[in-house]
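Working notes for the structure below.
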Amino acid sequence: SEKNVLKIARDVTSGLRAAYQQDLIHRDIKPGNMLVTENGTAKLVDFGLAVQQGGKDETEDIWATPFYVPPEKLVGEPDTYRGDIYSLGATLYHALAGKPPFEANTSSLEELKVIKAQPLDLKSDAPSVKKPIQQLVDRMMAYEPKARFESYDEIIEEIDTIRRKRGDRVTSNKPNLFAALPTPARFGIIGAAVLATIGLTLLLIDPGGDDSDDPGLAGLRDSERVVSASDEAKTQAYIEGRKGFVEGEWIQAIKLLSPLAEDSGVPQSTRRWSRFFVGVSELMKGDWQASVSWFNLVAFEDFDNASELPPLEQQLVAAAQELRKPLPVMGEPQEAFGALGLFAAGVKNWQHGEFDSGLVWLEAFNDSSIPDQLDFLERLKTLTKDFRADAERLSSLPNPRFSDGVEDWSQVTRSLEAGKLLLNSEGSGPRLIERRLARIETLQQGAASFDALPDPRQIVEEARALAKARPVPVDPPDGPTRPTQDPASLEIPGLPDLGSPDWETDLARIRELLSAFEPLKNTWQFANAINELSSEVFASQSGTQIGEDLVATYEAAARFPAAFVTLMSDSGYYGVVRRKGMKPLEMEITEAIDGVLQVDLGFGNNSLEVAELENLWLIETAIGRLREPTTETAAEWEMLVSCALA
């Protein structure tokens, strides 16, 4: 009400006068620094930014609250008591109109200068306020300091005159606003006044509600500190970096946001959003490895408990924990990722060559409800259309194969090169076309290199014959010993009891175990066989020796799938791949990560576990890529032969 505003204005002006009598200028007048006591007296508090009249401000930055900062402060003029008068007038304006005199939620000094130069109109924002009060506030907030009141005494005299004309009681500086009220009512009004002050302060700190227009600016735009030279530069960098992100200027976004992401002087919220934007920008450029470090920071740094973060930042953390993993994001799109997380997951899968899966996540982003605070993400929806167009273009391009039987590949080459120029996206799309172009060179040279491998069936048969003849570790591969007589009549050193009753019992048990272990070779899960053989007690020395040899064989075979993945990761492969119970397909192994092969069937990547592949094909492929048998490569060949025996 006008009555309470005038009463508070007089009390605070009296406080400013008392401070000025000690040569102090407050420099941070705002509702949050005015407290109302139980008896209704308004007190001015927080002289943390106060300086002496005519004294030098030692700080390089400008510290003030944008809604109430006097315009002369923005151009570097010295602080005077007239600046405090302006800020008090702006506070009274806010109290009477229910809104600040300017919508000044910006950290840009240039923007604030323009805003503060605009004419004021309290009558328009608060038409019911009486004209004398409008004139009081207008004069306190005059743009030119000289046009404001000459002294605090002059303001107090004007306030008292207005109050007398209104019929308000004006006796002394000691207020009597609530004296006539009974105690319960008095405390009710006091509580409302305190809540109003708190509410006003919260409104100033965050005029946009729970989140500012951009959550990443929540810390930088804290109204207690935003008008500083250093913060202005950082805020502008964030705004420009985010603008570059949504407009597809990925290099610009990385350049502007990565310094903020690593700056300990930037609020944690701003760092977290900057890191996520940089990570997604790296993905858009096709550099998944570069994005991982940024997503790692979002997932693991700056907080102890993700549940304590604001909801939008919880979504960033949930998404980052998946985006940092080496494989594409599995499963269906998750709402817990939020809109930006859905977009990032779609881009990651796309850049892994999982084009179909990437489109599923991007379409989920397209259909998602974007929060008001992130409305700038709407621009990214145009990129979903670009990815969709690239998917259609890639599917229409030729996919050169051995089976095509083409002699002149020039037309195919021109088609692929033209298609590459038309792609909207960077990364996996162009790389897919580059691999196809490189494959044409291989096709032109013929498939002789793929037909020159030794026959794996012969290797397997020789290994099995060797095992029957001599159930001990195989000889070095410079010439395996072939049996020259019936194995039953052999006298093998270390196995003196072959043919004994205990041996016959052990042999029956070994055959029983091997029959039970037969299905294991389809899964490469030999742990059960190893555990059972290790715990088995054989009666004969020969049985014991063979049991130990079988354990060693299964242990070596169990290591083979991981070794095969490493081999493929190092050497690569293009040709026919045979899967268990499936039709052979011509494909390229593009990546091998965490025991899983990434294969390209001509359009996009698919994942294949080693257990899905035919054992004989694994042996065949490994033979063609292992180094020549030597002492140094014996362990690799032992795994290969053990794989054949198992």
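The values are calculated or read from the model by the stated rules, or taken from the named source; none is laboratory data. Please read these numbers as outputs of a predicted model, since none were measured by experiment. Ideal geometry is used to build each Cβ from the backbone, glycine not excepted, and the neighbour counts take in all protein chains shown. Please note that ligands, DNA and RNA were not included when accessible areas were found on the heavy atoms of the full protein model with its side chains. Shrake-Rupley method; radii C 1.70, N 1.55, O 1.52, S 1.80 Å.
Somewhere in segment 130-138, is a residue modelled with pLDDT of 85 or more, within 51 Å of the chain's Cα centre (by Cα) and farther than 17 Å from A9 by Cβ? Within segment 130-138 (the criterion being modelled with pLDDT of 85 or more, within 51 Å of the chain's Cα centre (by Cα) and farther than 17 Å from A9 by Cβ), the answer is no, since none of the residues qualifies.
Looking only at residues in segment 358-397 that are closer than 29 Å to P310 by Cα and hydroxyl-bearing (S, T, Y), which one is least open to solvent (accessible area, probe 1.4 Å)? Restricting to residues being closer than 29 Å to P310 by Cα and hydroxyl-bearing (S, T, Y), the top hit is T384. Within segment 374-394, restricting attention to residues that are closer than 15 Å to P430 by Cβ and in contact (Cβ under 8 Å) with a residue 40 or more places away in the chain, which residue is nearest to the chain's Cα centre (by Cα)? Going through the qualifying residues, I end up with F387. In segment 518-546, the residues that are open to solvent by less than 50 Å² (accessible area, probe 1.4 Å) and at pLDDT below 80 form no Cβ pair under 6 Å with any partner that is of a type in the set (S, T, N, Q) and part of a helix (DSSP H, G or I), whether six or more places apart or across chains. Here segment 230-252 is the region considered, the condition is being more than 17 Å from L377 (Cα to Cα) and of a type in the set (V, I, T), and the residue that is surrounded by the most Cβ atoms within 10 Å (Cβ to Cβ) is T235.
Taken over segment 292-351, the criterion of being closer than 22 Å to L260 by Cα, free of Cβ contacts under 8 Å to residues at least 40 places away in the same chain and charged (D, E, K, R) is satisfied by E301, D302, D304, R324.
Among the residues examined, L342 qualifies as out of contact with any Lys or Arg (no Cβ under 6 Å at 6 or more places or on another chain), open to solvent by 10 Å² or more (accessible area, probe 1.4 Å) and within 27 Å of S428 (Cα to Cα). Filter segment 129-162 down to the residues that are hydrophobic (A, V, I, L, M, F, W, C) and open to solvent by 30 Å² or more (accessible area, probe 1.4 Å) and list them by number. A147 - this is the single residue of segment 129-162 that is hydrophobic (A, V, I, L, M, F, W, C) and open to solvent by 30 Å² or more (accessible area, probe 1.4 Å). Being among the aliphatic types (A, V, I, L, M), at negative phi and open to solvent by 40 Å² or more (accessible area, probe 1.4 Å) is true of L422.
Conditions tested, residue by residue: (1) at pLDDT 85 or above; (2) open to solvent by less than 10 Å² (accessible area, probe 1.4 Å); (3) over 30 Å from D168 (Cβ atoms).
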residue	(1), (2), (3)
N4	yes, no, no
I29	yes, yes, no
D46	no, no, no
D57	no, no, yes
E60	no, no, yes
E72	no, no, yes
V75	no, no, yes
H94	yes, yes, no
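Residues in segment 345-357 that are over 18 Å from F277 (Cα atoms) and open to solvent by 10 Å² or more (accessible area, probe 1.4 Å): H352, E354, D356, S357. Across segment 108-120, the number of residues qualifying as within 16 Å of H94 (Cα to Cα) and open to solvent by 80 Å² or more (accessible area, probe 1.4 Å) comes to 1. Apart from one condition, V329 fits all of (1) at pLDDT below 90; (2) open to solvent by 40 Å² or more (accessible area, probe 1.4 Å); (3) closer than 15 Å to A344 by Cβ; the exception is (2).
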